[in-house]
Amino acid sequence: NYQKLSDCLFITHSINDFEEKDLYFPSWDQELKNEFGLLSKNLCFDYSKKVFKDLKRKKIYIPKYLNPVAEIKIFLSQLHLILLIIIKLFQAKDTQEVSIYLKMISEVFSSSVINNIRFYKYLYKQFTFSKPKYLFITFEGHAWETLALIVAKRFSVSVFAYQHSAIFSDQHSIFRNLPELHPDVICIPGSGYKHFYKNFSRSKIAVTGSV
């Protein structure tokens with residue numbers, strides 16, 4: 001499922017099997033004259049017909065599962081992590097630490113954690129194979145966006161992030177102090193959001209709307 005797509009790589013979502021236009025980037029493919037590649041995160045259950053349809057385009061559906069060897073490696077890695085946390089649990093000094101470690105154990109094999117690990121591993125291999133120069137993602141505070149930024153930075157790929165939804169000043173997932181993981185360019189829907197990004201000194205803020 002790894003292909004050489006193009007220098008411009010987009011990551012988007014597939015909500016259902018019947019969407020005619022992309023949810024996040026409905027017209028960018030036309031504006032770029034198909035000089036792009038699209039990685040789509042599967043949020044729908046039955047997408048077989050759409051996969052065959054989109055094979056004619058430069059669109060790849062990110063698999064929900066990796067190959068068996070990769071899945072076993074993920075399982076063993078998470079099992080090892082649980083053992084390390086259990087050691088820390090027995091060394092806990094108070095009930096607060098105990099509750100934190102127990103919460104960590106409960107999350108190690110959660111679907112969101114495992115799916116994000118799969119996404120990271122898939123994206124890393126896709127970058128290794130396709131070697132894009134530019135990555136376009138949404139900027140809404142999702143964990144997968146941070147993982148995409150980590151992969152892009154490792155491959156020295158320029159990242160354009162699009163603020164697609166409303167944001168808030170206390171949205172830690174976006175505004176935490178990690179400048180090394182800030183996008184190169186942040187596209188915002190209007191100048192009214194510009195003040196949120198005053199501490200993003202490494203990012204260029206591009207106003208692309210009138211909100």
Of the listed pairs 64/103; 73/153; 88/153, which have alpha-carbon separations greater than 28 Å here?
88/153
5 Å is the cut-off here: which amide hydrogens, built 1.01 Å from N in the peptide plane, fall below it relative to residue 138, excluding neighbours closer than 5 in sequence?
162
Looking at the square roots a ≥ b ≥ c of the eigenvalues of the Cα gyration tensor of the stretch 70-119, which shape do they give, rounded for a/c under 1.5, prolate if a/b is larger than b/c, or oblate?
oblate
How far is the Cα center of the stretch 111-186 from the Cα center of the stretch 65-103, in Å?
24 Å
Karplus-derived 3J(HN,Hα) from phi for the stretch 103-118 (6.51 cos²θ - 1.76 cosθ + 1.60, θ = phi - 60°), whole Hz, x at Gly and Pro, runs 5, 4, 4, 5, 9, 4, 10, 5, 4, 5, 5, 5, 5, 5, 5, 4
Around residue 159, which amide H atoms from residues at least 5 apart in sequence, or from another chain, sit under 5 Å from its own amide H, with H modelled in the peptide plane?
135, 184, 185
When a/c is below 1.5 the answer is rounded, else prolate if a/b is larger than b/c, else oblate, so apply that to the stretch 67-192 with a ≥ b ≥ c taken from the square roots of the Cα gyration tensor eigenvalues.
oblate
The stretch 183-188 - phi-based ³J(HN,Hα) in whole Hz, Karplus 6.51/-1.76/1.60, Gly and Pro as x
x, 5, 9, 10, 8, 10
Can you list the HN-Hα couplings for the stretch 126-140, worked out from phi with the Karplus curve (6.51, -1.76, 1.60; θ = phi - 60°), rounded to whole Hz and with x for Gly and Pro?
5, 5, 4, 7, 8, 6, x, 9, 9, 10, 10, 9, 7, 9, 10
For the stretch 111-181, what is the accessible area per residue in Å², given a 1.4 Å probe and the full set of protein chains?
48 Å²
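The values are calculated or read from the model by the stated rules, or taken from the named source; none is laboratory data. Small disclaimer: the values here were computed from a predicted structure and weren't measured. Protein only, heavy atoms only, side chains kept; ligands, DNA and RNA dropped before computing areas. Shrake-Rupley method; radii C 1.70, N 1.55, O 1.52, S 1.80 Å.
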